[in-house]
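Colleague: If you scroll down you'll find the structure; I have some questions about it.
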Amino acid sequence: MTEAANNIRKLNKCSVFETIAHEGPISRAAIAKRLGLSKQTLSEVVKQLEDEGWVRQVGLHKGSVGRAAMNYEVVPDAAFVAAVDLGGTNVRVAIADLSCTIFGDASEKTSPNGGRDVVKQVAELCRSVMAERELPLAKLRLVVVGVPGVPDAETGAVLMAPNIAHLDEIDFNGELRAELGVDVIVENDVNLAVLGEHWGGIGHGFDDIAYIAIGTGIGAGIMVGGELVRGKNGSAGELGYLPFGADPFDEESLRQGALERATATDAIRAHYKKLTGEQLQVPEIFDRLNEDENARIVLDSVAKEVARACATIMAITDPEQIIFGGSIGRRTELFERVKLQLARISRSTTELGISGLGGRAALIGAASVGLSQVHATLLTGGIPGAEISLPPAKLSKLEALVDG
């Protein structure tokens with residue numbers, strides 16, 4: 001068989017699997033009608049998928065005329081992907097199967113030691129989630145990790161992640177791959193969050209989206225034309241480093257970012273303490289909004305800076321939708337203030353919304369990246385053009401996940 005013919009066969013295999021994934025259980029006749037393949041070609045492709053364990057016969061469908069047709073569906077447990085959300089406070093792991101069900105989760109405090117201790121912690125969490133659900137580790141094909149920084153493709157380090165120590169000093173990707181013995185993809189967590197919203201959240205159906213996460217830090221994931229924008233060094237969307245909020249020429253702004261110094265957790269607490277002398281946690285400051293003018297001053301200040309960031313994104317990418325996430329960004333008290341301030345400085349028709357996925361957005365995005373990669377590489381070896389669109393995410397079994 002020539003290389004061209006072999007590639008065509010692989011692309012057919014990819015198309016058939018995609019059709020079964022989206023519409024299964026489905027008969028061979030229905031697949032052939034959808035794809036325009038000959039009966040012989042389709043039979044060969046389905047048999048190969050079945051022999052390799054990716055699809056299975058699931059029952060008979062009786063039509064109005066003729067013999068009953070055998071239906072096919074994806075084998076959910078043929079392979080698994082681990083989705084990891086590594087934050088400065090917590091690390092979370094969920095498992096996804098080939099049917100796009102995200103069903104396993106575990107969470108614990110991120111190791112304060114950072115570095116290699118975090119690598120071992122992530123690996124152990126992945127192993128424990130698989131073991132608790134009696135899933136064979138050999139079927140774990142890929143781990144996708146969302147990190148609060150910028151992955152360096154050349155060194156495997158994670159840069160611009162001040163909330164987790166020493167990630168910029170090690171080959172995080174390589175060491176985790178060695179620990180687990182499977183391929184690893186490391187991606188910025190907010191980038192994964194916007195992918196999660198696009199696949200399984202309020203961003204579904206939009207191709208030009210910005211997801212702004214405000215919590216321990218502030219960052220954005222940006223999609224243009226349905227594609228994630230990473231930039232030359234992978235740092236597109238690092239809103240914390242926009243040159244306003246605090247003095248961008250101050251040395252501290254090079255480490256933490258001028259906007260982050262005015263909008264995120266530490267900034268809110270510091271501003272409130274400066275006004276009142278009290279050291280409160282951010283939720284406590286929100287709780288005082290109705291009776292404390294100082295709390296209102298602090299949140300109004302944050303809202304102005306976030307509105308500036310939104311206006312900046314809108315002027316550059318003109319998104320259809322901006323989604324607010326993160327423990328602070330999802331607060332309606334801040335969201336309504338941002339809307340008011342943004343209306344003062346922009347006449348854009350961009351839709352604003354609060355994430356309904358909450359703390360699950362990055363996990364769901366990680367699962368989408370992992371499943372897309374696994375579907376394509378396992379079936380075709382990653383030949384050009386072999387892409388599989390994912391069916392809708394099945395999220396019901398993630399409802400128990402702590403919403404951080």
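Colleague: Could you work out the Rg to Rh ratio of the stretch 202-355, with Rh taken as the Kirkwood radius (inverse of the mean 1/r over all Cα pairs)?
Modeller: When Rh is taken as the Kirkwood radius, the ratio is 0.97.
Colleague: With a Cα-only, solvent-free Debye model of the stretch 1-41, what are the log10 I(q)/I(0) values at q = 0.20, 0.21, 0.33 Å⁻¹?
Modeller: Evaluating at q = 0.20, 0.21, 0.33 Å⁻¹ gives log10 I(q)/I(0) of -0.60, -0.65, -1.15.
Colleague: Taking the inverse of the average 1/r across all pairs of different Cα atoms in the stretch 264-328, what Kirkwood radius in Å do you get?
Modeller: 13.0
Colleague: Mind checking the dipole of the chain: about its Cα centre, +1 per Lys or Arg Cβ, -1 per Asp or Glu Cβ, Debye to the nearest 20?
Modeller: Here the size comes out at about 1420 debye.
Colleague: Within the chain, which is the longest segment that contains none of the GluC sites (Glu not before Pro) sitting in a DSSP loop with at most 13 other Cβ atoms within 10 Å?
Modeller: Counting at most 13 other Cβ atoms within 10 Å as exposed, the longest clean stretch of the chain is 155-277.
Colleague: Say the cut-off is 26 Å between C-alpha atoms; which of K109/K304; K10/K39; K304/K394 go over it?
Modeller: K109/K304; K304/K394
Colleague: Quote the charge dipole size of the stretch 315-372 about the Cα centre in Debye, to the nearest 20; the model charges only the Cβ of Lys and Arg (+1) and of Asp and Glu (-1).
Modeller: On the way: 7 positive and 5 negative charges, 42 e Å.
In total the dipole reaches around 200 debye.
Colleague: Which of these, Q121, Q48, Q40, has the largest mean-square fluctuation under a Gaussian network model of the chain (Cα springs below 10 Å)?
Modeller: Among Q121, Q48, Q40, the largest mean-square fluctuation in the Gaussian network model of the chain belongs to Q40.
Colleague: Counting Lys and Arg as +1 and Asp and Glu as -1, what is the net charge of the other residues whose Cβ lies under 11 Å from the Cβ of Q341? All intermediate terms of the calculation are to be shown ahead of the outcome.
Modeller: Values: positive: K304, R308, R337, K339, R344; negative: D300, E305, E336.
Taking every other residue near Q341 into account, the sum is +2.
Colleague: Among L390, L334, L137, what is the fewest-to-most ranking by other Cβ atoms within 10 Å?
Modeller: Going from least to most buried by this count: L137, L390, L334.
Colleague: Related question: Among all stretches of the chain without exposed chymotrypsin sites (Phe, Trp or Tyr not before Pro) (DSSP loop, at most 15 other Cβ atoms within 10 Å), which one is longest? Don't skip to the end; give the middle numbers.
Modeller: Working: sites that count: F244, F249.
Free of exposed loop sites, the longest segment is 1-243.
Colleague: Roughly speaking, what % of Cα-Cα pairs in the chain are separated by over 40 Å, rounded to a whole number? Mind showing how you got there, number by number?
Modeller: On the way: 18587 of 81406 pairs.
Across the chain, Cα pairs with separations above 40 Å total 23 percent.
Colleague: Counting Lys +1, Arg +1, Asp -1, Glu -1, what net charge surrounds A236 among other residues with beta carbon under 13 Å of its beta carbon? Intermediate results must be reported in sequence, preceding the final value.
Modeller: On the way: positive: R230, K232; negative: E187, E227, E238.
Every neighbour counted, the sum reads -1.
Colleague: Continuing with the same structure: Using only alpha-carbon positions, what ratio does the radius of gyration of the stretch 3-74 give when scaled by 2.2 N^0.38 Å? Walk me through the intermediate numbers first.
Modeller: Working: Rg = 12.0 Å, N = 72, 2.2 N^0.38 = 11.2 Å.
Here the Cα radius of gyration is 1.07 times the empirical estimate.
Throughout, read-outs are computed from the coordinates displayed, never taken from laboratory work. Here the structure is a predicted model, which means the values were calculated and not measured. Please note: Cβ atoms are built from the backbone with ideal geometry, for glycine as well, and neighbour counts cover all protein chains shown.
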